[in-house]
């Protein structure tokens, strides 16, 4: 009787709310084919490119917050060289100016995601 009770407790506290279940990963919505990485990119830059590629291939509703500021903040966590490379590869529309900032790349990449999804 004691084991039956413990089994019910365990089921109700872990199984029903989903605690301990394997995480569900959706498959890629789009497949990005990026060109070869430039030789001057560092290991951190290459890691940032891989992270951005995974984010952009996943469903936008899961990857990015519906609140634009939070989505921008998430993208801003990636370094400038990775953002620049990915924006060039996916042909993001950048504002017309002589020098681009990290915020320019982040905003144009988020706009690209909004258009593509």
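The values are calculated or read from the model by the stated rules, or taken from the named source; none is laboratory data. Since this is a predicted model, take the numbers as computed values, not measurements. FYI the Cβ positions are ideal-geometry reconstructions off the backbone, even for glycines, and counts take in every protein chain you see.
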Checking the structure you have, find out if any residue of the stretch 59-66 is surrounded by 13 or more Cβ atoms within 10 Å (Cβ to Cβ) and touching a residue at least 60 places away in the same chain (Cβ under 8 Å).
no
Among (1) surrounded by 15 or more Cβ atoms within 10 Å (Cβ to Cβ); (2) within 17 Å of residue 109 (Cβ to Cβ); (3) at pLDDT 90 or above, residue 73 falls short only on (1)
Would you say residue 30 is closer than 30 Å to residue 9 by Cβ and at pLDDT below 90?
no
